[in-house]
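S.K.: Handing you this structure, nothing more for now.
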Amino acid sequence: MNLERQEKKRVVIGVGQTGQSCMRFFSRYDLSFSVFDTRENPEGNGHLLQEYSNVEFRFGAAKVAMLDEADQLVLSPGVDLSDPIFRDIDLSSKELTNDIAIFSDVATVPKVLITGSNAKSTVTTLVGKMAESAGLRVAVGGNLGKPALDLLDDESEAYILELSSFQLEYCSNLGAKVAAILNISNDHLDRHLSMDNYQRIKQRIYQGAESIIFNRHDPLTRPLDSSSATSIKSFGIDQPKAGHYGVVEIEGKQFISRGLDLLLAVEEIPLQGEHNLMNFVAAIAIGDMAKIPVDAMVSAIKGFDGLPHRCERVAVIAGVTYYNDSKATNEGATLSAVRSMSKITDGEVVVILGGRAKQNDFSSLFTQLQGIRYKLIVIGESAELIKRFVPADIFIISAETLPLAVEQAQMISSAGDIVLLSPACASFDMFESFEQRGEVFKQSVLSLTSDISDEVNH
């Protein structure tokens, strides 16, 4: 590992999962550090004070002055330096970094880096399974699973990382073997302020990359600066140009392909729906550019049954199919899910929508849902906001809780319909996480009636 050994006055900001991984890393290599968290009494601080008894900890906004003396600030993803509590700190005199930047500096084996507003966990997991199917020793993590710095070891032959915009915000020249942006839609604009800023931050993943993969259906993913890349390829679900990735139809059958080279029949994919097809094409494009053999990729796809809370099929009750898509925390994810569900049913899609809004305008979502038969049940603190943008001809009701929303969904749905939890909002108004929200939904569905005809994946 290429560790910079010069001593710095470094402060780890934030004692969550990522912050703790930074603390472990610095301790492992005997690099001095201090720790700061704006919270007066962050969860788990007791055991941290014991474990790192020789480290200086400061908690609470009143202690922010400790940052004045620092040379380097190591930022956790949840830390927003535009917060007023940092206004008196001269940030221009500090080196701002994070765990991903540090990881990229010291990792010595190839890195496959994946970001996107939606589907990045699914695609990252799938690429990891493809690599494992090929017999490669890979470590998968980042924004998914283990923090990046906890993955570092001498055994891995490659790292496959999911990265969020928060993780990319203070990174540059990450030097990926393969870098991919799956899609970019309205998300985290409460922090990034504009789509232009959000796009520029996402595109940091391409800096220093050897190979770039972008979504040709989404112009925001097209690289703005590709000077480092020796190869730039696109993916989509239309027929691709030579060397690119997509879907071709031959004699009425669809195939995922590289150009016209057929790689996998779509009918062999275990998860159906347009959004799943897009994810599989993206994973194949990334895997192929990472030199994973095609037979290993195909084997991994055939054995992949999706991730929890991502269009997860919960049960069929009285002919109505219930899906948990709690991970859909922005408009783009919900749009993709509703569109896909509408294509696998002749009935209506009953969408449970709402939570803590990340934007103040839902008009684009409903504009893009034109032509789809759906009903709405809105929940959470954004319910009234959402109602302002719903077209007049769309059926909409409110529910005070998610379990009540599930009960109402049962009452307004008929055999052949789909009930879809796809909130387009964060969960923190009512739940600790999107995972908890998804579990409450599943429990509520499975308690609707004892006459469940076909339970799956619960």
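The values are calculated or read from the model by the stated rules, or taken from the named source; none is laboratory data. The structure displayed is predicted, hence computed values, not measured ones. Neighbour counts run over all protein chains shown; Cβ positions are idealised from the backbone, glycine included.
S.K.: When you scan the stretch 1-64 for strands (runs of 3 or more DSSP E) that lie fully inside it, which ones turn up with 1 or more residues that are within 20 Å of LYS94 (Cβ to Cβ) and polar (S, T, N, Q)? So that I can check it myself, show each step before the final result.
M.R.: Numbers: elements: 10-13, 34-37, 57-59.
Of the strands (runs of 3 or more DSSP E) lying wholly inside the stretch 1-64, those with at least 1 residues that are within 20 Å of LYS94 (Cβ to Cβ) and polar (S, T, N, Q) span 34-37.
S.K.: Identify all residues within the stretch 136-167 that are assigned to a loop (DSSP other than H, G, I, E, B) and among the polar types (S, T, N, Q); write none if there are none. Let's see the steps before the verdict.
M.R.: Kept after step one, since they are assigned to a loop (DSSP other than H, G, I, E, B), are these residues of the stretch 136-167: 136-137, 143-145, 147, 152-157, 163-164.
Hits for the stretch 136-167 are ASN143, SER156, SER164.
S.K.: Restricting attention to the stretch 345-363, which residues are farther than 16 Å from GLU384 by Cα and either assigned to a loop (DSSP other than H, G, I, E, B) or not hydrophobic (A, V, I, L, M, F, W, C) (or both)?
M.R.: Answer for the stretch 345-363, where residues must be farther than 16 Å from GLU384 by Cα and either assigned to a loop (DSSP other than H, G, I, E, B) or not hydrophobic (A, V, I, L, M, F, W, C) (or both): THR345, ASP346, GLY347, GLU348.
S.K.: Starting from residues that are surrounded by fewer than 18 Cβ atoms within 10 Å (Cβ to Cβ), of a type outside the set (D, E, K, R) and touching a residue at least 24 places away in the same chain (Cβ under 8 Å), keep the ones in the stretch 137-177 and report whichever is farthest from GLY14 (Cα to Cα).
M.R.: Result: GLY175.
S.K.: Within the stretch 91-103, is there a residue that is surrounded by 17 or more Cβ atoms within 10 Å (Cβ to Cβ), over 28 Å from the mean Cα position of the chain (by Cα) and part of a strand (DSSP E or B)?
M.R.: Restricting attention to the stretch 91-103, the residues satisfying the condition of being surrounded by 17 or more Cβ atoms within 10 Å (Cβ to Cβ) are 94, 97-103.
Filter once more, so that each one left must be over 28 Å from the mean Cα position of the chain (by Cα): 94.
If we keep only those that are part of a strand (DSSP E or B) as well, we get none.
The answer is no; no qualifying residue exists.
S.K.: Could you check, for the stretch 104-113, whether at least one of its residues is farther than 28 Å from ARG222 by Cβ and buried (at least 18 other Cβ atoms within 10 Å of the Cβ)? Don't jump to the end; show me each part of the working.
M.R.: Within the stretch 104-113, the subset farther than 28 Å from ARG222 by Cβ is 106, 108-109.
Going one step further and asking which of them are buried (at least 18 other Cβ atoms within 10 Å of the Cβ), we end up with none.
No: the stretch 104-113 contains no residue that is farther than 28 Å from ARG222 by Cβ and buried (at least 18 other Cβ atoms within 10 Å of the Cβ).
S.K.: Can we say ALA229 is in contact with a helix residue (DSSP H, G or I) (Cβ under 9 Å, 6 or more places away or on another chain), in a helix (DSSP H, G or I) and of a type in the set (Gly, Ala, Ser)?
M.R.: No, not satisfied.
S.K.: Exactly one of these conditions fails for ALA62: (1) under 22 Å from GLN207 (Cα atoms); (2) modelled with pLDDT under 90. Give me its number.
M.R.: Against the list (1) under 22 Å from GLN207 (Cα atoms); (2) modelled with pLDDT under 90, ALA62 comes up short only on (1).
S.K.: Has the stretch 73-90 got any residue that is part of a loop (DSSP other than H, G, I, E, B), among the aromatic types (Phe, Trp, Tyr), over 27 Å from the mean Cα position of the chain (by Cα) and outside the structural domain of ALA283 (by TED's automatic domain parsing)?
M.R.: There is no residue in the stretch 73-90 that is part of a loop (DSSP other than H, G, I, E, B), among the aromatic types (Phe, Trp, Tyr), over 27 Å from the mean Cα position of the chain (by Cα) and outside the structural domain of ALA283 (by TED's automatic domain parsing).
S.K.: Being under 18 Å from THR122 (Cα atoms), assigned by TED's automatic domain parsing to the domain that holds ALA134, under 19 Å from the mean Cα position of the chain (by Cα) and buried (at least 18 other Cβ atoms within 10 Å of the Cβ) narrows it down to one of GLY287, GLY332, so name that one.
M.R.: GLY287
S.K.: Sticking with this one: Of all residues in the stretch 380-395 being free of Cβ contacts under 8 Å to residues at least 40 places away in the same chain and buried (at least 17 other Cβ atoms within 10 Å of the Cβ), which is farthest from ALA409 (Cα to Cα)?
M.R.: Step by step, filter the stretch 380-395, then rank; the result is LEU385.
S.K.: Turning to a different aspect of this structure: Give the stretch 294-313 a look and list any residue that's modelled with pLDDT of 95 or more and surrounded by 15 or more Cβ atoms within 10 Å (Cβ to Cβ), or say none.
M.R.: Residues satisfying the conditions are VAL294, ALA296, MET297, VAL298, SER299, ALA300, ILE301.
S.K.: Among the listed residues THR321, THR329, which satisfies the condition of being among the β-branched types (Val, Ile, Thr) and at pLDDT 95 or above?
M.R.: It is THR321.
S.K.: Additional query: Being buried (at least 19 other Cβ atoms within 10 Å of the Cβ), modelled with pLDDT of 90 or more and over 21 Å from the mean Cα position of the chain (by Cα) is true for just one of LYS202, LYS233, LYS241. Which residue is that? Working first, answer last.
M.R.: Values: LYS202 fails: over 21 Å from the mean Cα position of the chain (by Cα); LYS241 fails: buried (at least 19 other Cβ atoms within 10 Å of the Cβ).
Matching residue, one of LYS202, LYS233, LYS241: LYS233.
S.K.: Quick one: is SER340 outside the structural domain of ASN143 (by TED's automatic domain parsing), crowded, with 20+ Cβ neighbours inside 10 Å and either closer than 19 Å to LEU126 by Cβ or among the aromatic types (Phe, Trp, Tyr) (or both)?
M.R.: Yes: the conditions hold for SER340.
S.K.: Continuing with this model, one more query. Tell me which of these ALA328 doesn't satisfy, since it passes every other one: (1) hydrophobic (A, V, I, L, M, F, W, C); (2) part of a loop (DSSP other than H, G, I, E, B); (3) farther than 25 Å from VAL351 by Cβ; (4) in contact with a helix residue (DSSP H, G or I) (Cβ under 8 Å, 6 or more places away or on another chain).
M.R.: (3)
S.K.: Out of everything in the stretch 232-261 that is in contact with a Ser or Thr (Cβ under 6 Å, 6 or more places away or on another chain) and part of a strand (DSSP E or B), what residue ends up being nearest to GLN272 (Cα to Cα)?
M.R.: Ranking the qualifying residues of the stretch 232-261, first place goes to VAL248.
S.K.: Report yes if some residue within the stretch 266-283 is under 28 Å from VAL314 (Cα atoms), in contact with a Gly (Cβ under 7 Å, 6 or more places away or on another chain) and buried (at least 23 other Cβ atoms within 10 Å of the Cβ); otherwise report no.
M.R.: yes
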